[in-house]
Amino acid sequence: MKAVLTFLLIIITFSSYGQRIKDLTDVAGVRSNQLIGYGLVVGLPGTGEQSPFTEQSFKTMLSNFGITMPDNLKPKIKNVAAVAVHAELNAFAKQGQNIDVTVSSMGSAQSLRGGTLIQTMLMGLDGNTYAVAQGSLVVSGLGANGLDGSKILVNTPTVGRIANGATVEREIKSPFSMGDHITFNLRQSDFTTAKRLSDTINDLISGSARAIDATSVQVTAPRDMADRVSFLSVLENLEFEPATPSAKIIVNSRTGTIVIGSEVKLLAAAITHGGITVTINESESVTQPNAFAEGETKTTNDSSVNVTQEDARMFVFNPGVTLDTLVRAINEVGAGPGDVMAILEALDQAGAIRGQLIVI
């Protein structure tokens with residue numbers, strides 16, 4: 001069978017337009033918290049497990065209800081499975097509200113379909129219980145075994161979900177209501193973007209914002225919580241223009257994907273790779289205004305690219321060639337993804353690429 005490799009090139013261009021503060025930043029202290037617990041799923045149709053820690057958990061559960069089993073009695077509990085339960089406790093979640101939970105088998109259970117999670121405590125990193133989970137699982141996976149050893153597996157039958165399956169029992173105090181400031185944290189650190197963010201807020205309220213570093217912008221805020229919520233509602237909908245990202249080329253060697261940013265520049269270079277020869281030339285032209293016309297003398301760069309192979313095929317491009325044109329030219333002469341990546345790496349080592357080459 002002949003393998004066909006598809007090479008994908010994506011050119012990313014960034015236009016100047018405003019974005020809302022809420023789309024680029026997070027508010028310090030407004031975050032979710034991870035919860036985890038250990039529990040038992042019961043009521044399985046023989047797809048559970050028999051393991052020492054499952055038996056021990058089952059006996060411990062019975063002892064909580066005042067039932068003591070003899071040590072020499074080993075229950076057959078194929079309808080029970082030991083599971084890990086985890087959930088996300090959202091910021092400002094209040095006592096009595098419900099959150100979704102995910103239940104995953106920890107042992108050799110074949111499937112959790114049809115099972116019910118019994119009361120399980122969900123704890124945070126500090127060891128305190130913040131929610132209690134219980135309910136019937138919804139499992140999208142399906143598995144079946146034949147007598148001859150054949151089997152079929154659809155999705156993952158050992159992971160289930162319970163919508164609104166946990167009740168919040170303890171609230172997490174948020175630092176959002178503390179102090180005289182709120183802090184916006186950029187999702188992508190950039191000094192220029194942080195400066196523009198603080199300038200935008202200062203245009204609305206002079207002297208209220210200052211950029212602490214490339215990530216954080218601190219803003220003076222009202223102490224009263226109602227006023228602070230209204231204040232943040234106004235700020236997060238302000239629009240400003242973020243800085244253009246740094247010049248990068250992202251190469252995925254596994255999928256043959258190359259993503260080139262619009263700020264990437266290519267200097268003059270000549271490349272020979274196998275039977276492929278690529279030549280890049282740059283020249284300058286001077287444009288002068290008429291004798292009686294107003295204007296300035298300008299210098300513009302003209303670029304041309306020639307690509308040849310052993311069979312003497314040649315591709316000539318108009319001036320103004322960019323790196324994406326080079327990649328397309330190499331593709332047109334039949335080079336594979338590995339050839340393109342090798343050429344880009346060689347250009348980077350030669351210092352002919354003005355940008356960062358990242359191979360993932």
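Taking only alpha carbon atoms, region 154-270 gives an Rg to Rh ratio of 1.17, where Rh is the Kirkwood radius.
For region 173-228, a/c is not less than 1.5, where a ≥ b ≥ c are the root eigenvalues of the C-alpha gyration tensor, and a/b does not top b/c. That puts it in the oblate class.
If you filter region 57-125 for chymotrypsin sites (Phe, Trp or Tyr not before Pro), then keep DSSP loop positions with at most 16 other Cβ within 10 Å, what is left? Those satisfying the criteria are Phe65, Phe92.
Net length available on complete extension from Asn98 to Leu204 is 34.3 nm, with 0.36 nm assigned per residue and the Cα-Cα distance removed. Legend: residue pairs Lys22/Lys94; Lys94/Lys195; Lys59/Lys173; Lys22/Lys173; Lys195/Lys248, Cα-Cα distance threshold 30 Å; pairs beyond threshold, Lys94/Lys195; Lys59/Lys173. Between Ile212 and Asn128, the contour length at 0.36 nm per residue exceeds the Cα-Cα span by 26.9 nm. Applied to region 19-25, the Karplus parametrisation 6.51 cos²θ - 1.76 cosθ + 1.60 on θ = phi - 60° returns per-residue 3J(HN,Hα) values of 10, 6, 4, 5, 8, 10, 9 Hz, with x for Gly and Pro.
Quick note: the coordinates plus some simple rules give every number you see, no bench work behind them. This structure is a prediction, so every number in the text was calculated from the model and none was measured. Cβ coordinates were reconstructed from backbone atoms using ideal geometry, including for glycine residues, and neighbour counts include every protein chain displayed.
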